[in-house]
Amino acid sequence: MAVIGIDLGTTNSLGAYWKDGMVHWIPMEDDRFLLPSVVGYVEGEGFLVGTAAKERMVPYSEDTAASFKRFMGTAKEYHLGGKTYTPMELSAMVLERIKRNAEFFLKEEIEEAVITVPAYFNDKQRSDTKKAAQIAGLKADRLINEPSAAALAYRREYGEEDRTLLVFDFGGGTLDLSYVECFDNVIEIIAVAGDNHLGGDDIDQAVSEYFCRENGLREDELPKEDRAKLKKLSESAKCALAEKEDVTMELETGGRICRALLNEERLFEICMPLFGKIRQLFVHILEDADSRVSGIDDLIMVGGSSKLGVVKRFLRELLGKEPIVLGETDRVVACGAGIYAGIRQRREEIRDMLLTDVCPFTLGIGVNNKANRDKNIMNPMIERNSTLPASHKDRFVTVGDYQKEIRIRIYQGEEYYVDDNVFLGELTIEVALKPAGQAWVDVQFTYDINGILHVMAENEMGERRQILLANQTLSETELERYTRELEKIMLPPIQKPENQKMLACFLDYYENSTGQRRETIAAMTGWIMAGLNSGRKKAVRNAEEAGKMWLADLQRSTDMREEFLFDGELKAGYGGMFDDFDETAEDERDEESGGFGDGSGDGFEIETDEE
Ligand code: ADP
Ligand code: MG
């Protein structure tokens, strides 16, 4: 049983695993490794996950869900095909797809995954991520923070020297900063800061607004379809700046063609308000880490948006140092997850790496507010950025005379009033009957390395009550219901059981043949695989039909050959199809619909790719 690492991203997800001392990627769609975190519903058929769903985003925006990770842990609902889905269920579909691809690729069952989450994810978001994994049939006991994963990847590249890192992870929907200290075999997260609503999507939005300004348009007045087109246009213009000096954006709307020019200078200006927010986050994290810019040895750039030249320039100017780029910025987190998957499996070479983490939010309980009795205030028990495991004990007294019990309400967050923080759970304990302020309970908070919060209360009579939080899993019935839903996800054609069986037959024939026959079978197999992977309905159907037909031919010729071996006569026609099939036929296939069948005239078309 293998353990894989998964970067479950807002925009893209990736899977990785550890083998022979290094990280490998799990192919998602053909030879691409990034799987767009997009789910789409196809009327009457089922769900699509990945590029196929992303491509339907413009024409079928109603039935497509994207960026749902931004709402993980909330009650937000997505309507697809007349039913509602939570961000957790949609994430489960993405995870399930990665698991299945990994099993397909590694040819073994995957039961466990190390999943990365933004450092700023709260307990609800983390526990929903675990539940999503559970729905997808994956055990995910250990979630690691995305920047911690990046630090792991850095460590493998740059060695074991003592360093202080600042990990800058700028993705599609989130920005995470982590102040990390590496010494000996320890990676310690000293502080985290971030914004769950600041990422490449916001840059796209700023570019769209710029485009509208330039053309006197109002974005909210554009037809829905044009708005979606503009969004796509903005993203591709932004990405194109990696290779070009300037890009002309062009959109036809309301019967006219609108244009705007985008270059680095312009983009820099457009991003100014976002850069302002980023600067604030640097102030925040340096203060929390009790450090200064000079205390940072290396700035590591992570995430797809870190590919932007303007972001690099901004950071260079802000910090006065050259940022470090570890290969493809959008794969660094998955790389760390892959390394950690290796640690989980106790692979010798990396077993000794230690990863410590911090509590991303303050945890505390609500206490009475003398100034305003209606609004309880937060009494912090474990401050944010405490190193895990962390534990703290405090004594609380009654506020009412002869009060019978104390209700301990547990919250997470930085706000003064508890109502503005996230409520996690509560427990109630009896207290001694005494005048106000004289009866007491001791409350202890313990936050362990797996992000599980244990709260225990003990009264003066020595009685105890306790509660475990952030470790909720789904009940059997819930799990069953979700699993039924997952079955509606459409398999990529090549992974359908019947096509798998068909390909296995071809490989069998290949194994048992030699010479020309063997080459022909190899060519057929390659052609069928290409068709099944083409992502185009017609080509898939052609591949399936041709496969069936050729298998029947192969069977027939095998039977004939066997008959001959047992002294029957070798009938004319044996191997005939193989004589016809040669590589030169390939070029003709696109024009002729006949292809390289058995000449029965029952041909099939091969679509040419004109895009
Ligand atoms: P997430 O971690 O949120 O899933 P990624 O790290 O994959 O996201 O980053 C996705 C973001 O990166 C998107 O906003 C995308 O537009 C942006 N991006 C990807 N490639 C480039 C590029 N070449 N230039 C600029 N931005 C890019
Ligand atoms: Mg990411």
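Filtering the range 283-316 down to residues that are polar (S, T, N, Q) and within 16 Å of ligand 2 (Cβ to nearest atom), which residue is nearest to LYS238 (Cα to Cα)?
Per the stated criteria, the residue is SER305.
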crowded, with 18+ Cβ neighbours inside 10 Å, among the hydrophobic types (A, V, I, L, M, F, W, C) and free of Cβ contacts under 8 Å to residues at least 40 places away in the same chain: does that describe ALA237?
yes
How do the pairs read when you match residues in the range 104-133 that are among the polar types (S, T, N, Q) with residues anywhere that are in a loop (DSSP other than H, G, I, E, B) and at pLDDT 90 or above, using Cβ under 6 Å and keeping only pairs 6 or more apart or on different chains?
GLN125/MET72
Kindly evaluate ALA260 against the criterion of being in a strand (DSSP E or B) and touching a strand residue (DSSP E or B) at 6+ places or on another chain (Cβ under 7 Å).
yes
Pick from the range 1-33, criterion within 14 Å of ligand 1 (Cβ to nearest atom) and surrounded by fewer than 22 Cβ atoms within 10 Å (Cβ to Cβ), ranking: nearest to the chain's Cα centre (by Cα):
PHE33
Residues being at pLDDT 90 or above and of a type outside the set (Val, Ile, Thr) - total across the range 29-51:
10
From the option list SER208, SER148, single residue qualifying as within 16 Å of ligand 1 (Cβ to nearest atom), small (Gly, Ala, Ser) and modelled with pLDDT of 95 or more is SER208
Free of Cβ contacts under 8 Å to residues at least 60 places away in the same chain, of a type in the set (D, E, K, R), in the same structural domain as ASP30 (by TED's automatic domain parsing) and within 16 Å of ligand 1 (Cβ to nearest atom) - does that describe any residue in the range 159-176?
yes
When the range 143-158 is checked residue by residue, the ones that are of a type in the set (D, E, K, R) and touching a Pro at 6+ places or on another chain (Cβ under 9 Å) are GLU146
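With the requirement that a residue be of a type outside the set (A, V, I, L, M, F, W, C) and within 16 Å of ligand 2 (Cβ to nearest atom), what does the range 1-31 give you?
GLY5, ASP7, GLY9, THR10, THR11, ASN12, SER13, GLY15
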So which of GLY194, GLY173 ends up being modelled with pLDDT under 90 and out of contact with any Lys or Arg (no Cβ under 9 Å at 6 or more places or on another chain)?
GLY194
Looking only at the range 299-343, and only at residues there that are more than 16 Å from ligand 1 (Cβ to nearest atom), under 17 Å from GLU146 (Cβ atoms) and surrounded by fewer than 24 Cβ atoms within 10 Å (Cβ to Cβ), the one that is modelled with the lowest pLDDT:
ILE343
Is the range 249-262 home to any residue that is at pLDDT 95 or above and within 16 Å of ligand 1 (Cβ to nearest atom)?
yes
Could you list all residues from the range 221-234 that are exposed (fewer than 11 other Cβ atoms within 10 Å of the Cβ) and not in a helix (DSSP H, G or I)?
PRO223
Determine which member of the set LEU165, LEU217, LEU177 is closer than 14 Å to GLY303 by Cβ and not aromatic (Phe, Trp, Tyr).
LEU177
Could you please let me know if PRO389 is under 23 Å from GLN466 (Cα atoms), in the same structural domain as ALA439 (by TED's automatic domain parsing) and at pLDDT below 80?
yes
ARG346 fails exactly one of the following numbered conditions: (1) more than 16 Å from ligand 2 (Cβ to nearest atom); (2) in the same structural domain as ALA119 (by TED's automatic domain parsing); (3) at negative phi. What is the number of that condition?
(3)
Look at the range 211-220 and say how many of its residues are modelled with pLDDT of 95 or more and not in a loop (DSSP other than H, G, I, E, B).
4
Out of the range 32-56, which residues are farther than 17 Å from ALA136 by Cα, among the hydrophobic types (A, V, I, L, M, F, W, C) and away from ligand 2 (no atom under 16 Å from the Cβ)?
VAL42, ALA52, ALA53
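Taking the stated definitions as given, is ARG266 crowded, with 17+ Cβ neighbours inside 10 Å, among the charged types (D, E, K, R) and within 15 Å of CYS212 (Cα to Cα)?
yes
Here's the yes/no breakdown for (1) away from ligand 2 (no atom under 16 Å from the Cβ); (2) part of a helix (DSSP H, G or I):
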| site | (1), (2) |
| --- | --- |
| LYS99 | yes, yes |
| GLU108 | yes, no |
| GLU111 | yes, no |
| THR116 | no, no |
| PHE121 | no, no |
| ARG126 | no, yes |
| THR129 | no, yes |
| GLY137 | yes, no |
On the given criteria, is ASN459 at negative phi, within 36 Å of the chain's Cα centre (by Cα) and surrounded by 15 or more Cβ atoms within 10 Å (Cβ to Cβ)?
no
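Could we say that GLN205 is surrounded by fewer than 24 Cβ atoms within 10 Å (Cβ to Cβ), away from ligand 2 (no atom under 16 Å from the Cβ), more than 20 Å from the chain's Cα centre (by Cα) and not charged (D, E, K, R) here?
So GLN205 passes the test.
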Take residues that are over 16 Å from LEU95 (Cβ atoms) and tell me which of the strands (runs of 3 or more DSSP E) falling wholly in the range 20-83 contain 3 or more.
22-25, 38-42, 78-80
Of everything in the range 152-165 that's at pLDDT 90 or above and not in a strand (DSSP E or B), which residue is farthest from ligand 2 (Cβ to nearest atom)?
TYR154
On the given criteria, is GLU219 of a type in the set (D, E, K, R), more than 16 Å from ligand 1 (Cβ to nearest atom) and touching a residue at least 12 places away in the same chain (Cβ under 8 Å)?
no
Among the residues of the range 166-192, what is the count of those that are crowded, with 24+ Cβ neighbours inside 10 Å and more than 16 Å from ligand 2 (Cβ to nearest atom)?
4
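The values are calculated or read from the model by the stated rules, or taken from the named source; none is laboratory data. Here the structure is a predicted model, which means the values were calculated and not measured. Every residue, glycine among them, receives a Cβ derived from its backbone with ideal geometry; neighbour counts consider all protein chains shown.
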